[in-house]
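The structure appears right after this line, and notes come after that.
The values are calculated or read from the model by the stated rules, or taken from the named source; none is laboratory data. Note that this is a predicted model, so its numbers are computed, not measured. Here the Cβ positions follow ideal geometry from the backbone for every residue, glycine too, while neighbour counts run over all protein chains shown.
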Amino acid sequence: MKKKIDVTLSNLPKLFPKDFSEEQVAKAQTVFLKEMALILHKFYKGKIMTVPKAGVYGFNWFNIWYTPGVSKVSTSIRDNNDISFELSNRGNLVAVVSDSTRVLGDGNVSPSGGLGVMEGKAFLMKYLGGVDAVALCVDSRNENGKNDPQKVIDFVKMAEPSFGAVNLEDISQPNCYKVLDTLREECNIPVWHDDAQGTGCVTLAGLINALKIVKKKIDKVKIVFYGAGASNTTIARLIIKAGGDPHKMILFDTKGALHTNRQDIKNDPAFYRKWELCEQTNPDKIDNIEDAMENADVLISLSTPDPNTVKQDWVRKMAKKAIVFACANPVPEIYPYAAKEAGAYIVATGRGDFPNQVNNSLGFPGILKGALLVRARKITDEMAIMAAYSMAKFAEKKGIHPERIMPTMDETEVFAYEAADVAMEAIKNGVARIKLSKDEVFKTALKDIRQSRAIVKTLMDKKFIKPPTQSMIKEALDKAIKAVK
């Protein structure tokens with residue numbers, strides 16, 4: 001290799017041939033990131049390990065951390081279960097639970113197929129939020145091979161005594177609705193579905209700032225939602241709670257627009273969340289996407305991960321200073337350059353290698369940290385909306401413009417601010433076990449986040465975590481270029 005490649009990959013687009021078009025560069029980046037992920041996961045054998053946080057100062061310390069000393073801990077928790085949050089890691093521990101039936105854009109990848117994503121979630125929680133997490137992929141299939149939501153519900157309820165919160169992930173609809181709604185009511189710890197509430201929270205945050213930039217009001221704009229899965233239905237629900245007008249909203253699923261003539265949704269009790277939106281939105285029963293896009297102010301798409309899913313002609317029909325969120329992963333429904341060519345003023349995607357990343361990673365680490373610090377019993381919709389405003393406000397203080405509507409994941413303090421705002425809302429909503437001041441939550445969260453990052457840096461500096469080699473990067477780069485040429 002003639003030229004050394006910067007392992008931070010901060011200038012990734014420039015690694016590709018100069019004669020590549022914008023579309024080729026975008027495709028090559030996707031292939032490169034996937035190939036690097038495969039190479040490095042094999043190299044590191046995953047990305048999470050367990051490390052003690054208590055010291056060993058001599059042989060007899062094993063008798064303190066285990067038997068006989070630990071007996072006092074067991075009986076103390078027996079007499080007061082809530083003290084488990086103080087005497088164990090439970091108070092800072094999240095279970096990342098999935099049946100792997102709806103993983104990113106890959107669908108059902110088998111129960112263990114979701115481990116890479118769930119470990120990734122745990123990785124981000126620790127590094128961004130100072131929260132410990134465990135990846136738990138479960139087999140929810142019954143004797144007929146069908147995924148049974150009750151199995152996930154039972155599993156979480158049985159595991160509840162070990163965790164301070166549960167992050168549900170990548171559970172297909174309609175099962176995801178029943179799993180979340182049941183566990184939110186029946187568990188005594190927060191149960192959070194990041195594909196639904198998390199995506200809803202960060203999208204609302206991006207929308208708040210995008211609307212500020214284009215000088216439009218949330219209750220006045222026409223919004224089209226392309227895709228009506230767990231993510232978009234929850235986004236719509238949270239936008240309505242935040243002041244959006246449901247009569248100015250139209251949602252589309254794979255069979256068409258949602259409205260009260262959709263008997264297929266009405267007749268299937270499992271899709272009760274979608275039916276609620278059929279009743280609330282699209283009063284004119286517009287069925288055609290081209291008609292729906294006429295003078296739309298906002299398009300929020302969480303649909304098929306393909307850059308040709310959203311057509312440029314649709315964007316051309318939108319109102320002036322149109323806002324386009326194309327947030328499918330790993331590939332957006334339309335590339336940002338194509339949306340802007342068609343007239344979009346602000347474009348956001350779920351990817352960090354494009355401007356305006358609207359990604360759950362900006363939300364769940366801080367939200368869960370705040371909930372954990374006050375030992376919340378649940379995460380209410382009001383807490384999620386508060387987190388959205390917290391994110392938006394943080395970005396606004398730093399300066400917002402069409403290429404920056406969201407904070408970025410390297411802005412450490414955003415997660416501590418979110419944690420503090422969420423914790424205060426939990427106290428206000430009456431779901432917190434303990435009361436702390438906003439300053440106490442902020443300082444504790446920020447300390448834990450900085451400590452987590454310092455631990456990773458120390459492991460890197462001491463070479464316990466080895467950097468990727470130049471040959472690994474070159475291998476992925478060559479495959480990406482070859483795939484696009």
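Quick notes on this one:
- Filter result for Ser110 (within 30 Å of Glu418 (Cα to Cα), among the polar types (S, T, N, Q) and surrounded by 13 or more Cβ atoms within 10 Å (Cβ to Cβ)): no
- Considering the conditions (1) modelled with pLDDT under 95; (2) closer than 24 Å to Gly227 by Cα; (3) not in a helix (DSSP H, G or I), Asn144 is excluded by exactly one of them, (2).
- Among the criteria (1) in contact (Cβ under 8 Å) with a residue 40 or more places away in the chain; (2) over 30 Å from Met125 (Cα atoms); (3) touching a Cys at 6+ places or on another chain (Cβ under 9 Å), the one Leu302 does not fulfil is (2).
- Single unsatisfied condition, Ala159 versus (1) touching a Gly at 6+ places or on another chain (Cβ under 6 Å); (2) part of a helix (DSSP H, G or I): (1)
- Top-ranked residue of segment 79-94 - restricted to ones that are of a type outside the set (S, T, N, Q) and in contact (Cβ under 8 Å) with a residue 12 or more places away in the chain, ranked as farthest from Cys187 (Cα to Cα): Leu87
- Qualifying residue in segment 118-136 (condition: touching a Leu at 6+ places or on another chain (Cβ under 6 Å), more than 21 Å from Ser303 (Cα to Cα) and part of a loop (DSSP other than H, G, I, E, B)): yes
One line per residue, one yes/no per condition, for (1) touching a residue at least 12 places away in the same chain (Cβ under 8 Å); (2) assigned to a helix (DSSP H, G or I):
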| position | (1), (2) |
| --- | --- |
| Asn329 | yes, no |
| Ala339 | yes, yes |
| Phe354 | yes, no |
| Leu368 | yes, yes |
| Leu372 | yes, yes |
| Lys378 | yes, no |
| Ser390 | yes, yes |
| Lys397 | no, yes |
| Pro407 | yes, no |
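- Restricted to segment 441-485, and to residues there that are hydroxyl-bearing (Ser, Thr, Tyr) and touching a helix residue (DSSP H, G or I) at 6+ places or on another chain (Cβ under 7 Å), the residue that is nearest to Phe16 (Cα to Cα) is Ser452.
- Single residue of segment 35-91 satisfying the filter (of a type in the set (Phe, Trp, Tyr) and not in a helix (DSSP H, G or I)) that is nearest to Glu475 (Cα to Cα): Tyr57
- On the stretch given as segment 290-317, residues that are of a type in the set (A, V, I, L, M, F, W, C) and either surrounded by fewer than 19 Cβ atoms within 10 Å (Cβ to Cβ) or touching a Gly at 6+ places or on another chain (Cβ under 7 Å) (or both) total 2.
- When residues of segment 337-352 are limited to those that are over 18 Å from Leu302 (Cα atoms) and not aromatic (Phe, Trp, Tyr), the one surrounded by the fewest Cβ atoms within 10 Å (Cβ to Cβ): Glu341
- Unmet requirement for Glu119, which otherwise passes all of (1) in the same structural domain as Met391 (by TED's automatic domain parsing); (2) more than 19 Å from Leu372 (Cβ to Cβ): (1)
- When Ala28, Ala95 are checked against the criterion of being over 30 Å from Leu180 (Cβ atoms) and either part of a loop (DSSP other than H, G, I, E, B) or under 31 Å from the mean Cα position of the chain (by Cα) (or both), a single residue qualifies: Ala28.
- Leading residue by the ranking (farthest from Lys3 (Cα to Cα)) among those in segment 457-480 that are surrounded by 14 or more Cβ atoms within 10 Å (Cβ to Cβ) and small (Gly, Ala, Ser): Ala480
- Of Gly130, Gly113, all but one fail to be on the phi > 0 side of the Ramachandran plot, at pLDDT 95 or above and outside the structural domain of Met409 (by TED's automatic domain parsing); the exception is Gly130.
- Hits in segment 9-24 (condition: surrounded by 15 or more Cβ atoms within 10 Å (Cβ to Cβ) and farther than 13 Å from Lys479 by Cα): Leu9, Leu12, Phe20, Gln24
- Of all residue pairs spaced 6 or more apart or on separate chains, those with beta-carbon atoms under 7 Å, a first member in segment 55-78 that is under 18 Å from Arg90 (Cβ atoms) and a second member that is in a helix (DSSP H, G or I) and modelled with pLDDT of 95 or more are Val73/Leu87; Ser76/Ile83; Ser76/Leu87; Ile77/Ile83; Ile77/Ser84; Ile77/Leu87.
- Screening the candidates Ala483, Ala454 for the property of being free of Cβ contacts under 8 Å to residues at least 24 places away in the same chain, surrounded by fewer than 19 Cβ atoms within 10 Å (Cβ to Cβ) and of a type outside the set (D, E, K, R) yields one hit, Ala454.
- Leading residue by the ranking (modelled with the lowest pLDDT) among those in segment 305-331 that are in contact with a Ser or Thr (Cβ under 8 Å, 6 or more places away or on another chain) and under 20 Å from Asp106 (Cα atoms): Pro330
- Segment 450-485, residues that are assigned to a loop (DSSP other than H, G, I, E, B) and either in contact with a Ser or Thr (Cβ under 9 Å, 6 or more places away or on another chain) or not polar (S, T, N, Q) (or both): Lys462, Lys463, Phe464, Ile465, Lys466, Pro467, Pro468, Lys485
- Close contacts from segment 283-297, counting a first residue that is under 14 Å from Leu258 (Cα atoms) and outside any loop (DSSP other than H, G, I, E, B) and a second that is modelled with pLDDT of 95 or more and of a type in the set (Ser, Thr, Tyr), with Cβ to Cβ under 8 Å and a gap of 6+ residues or different chains, come to Ile289/Tyr226.
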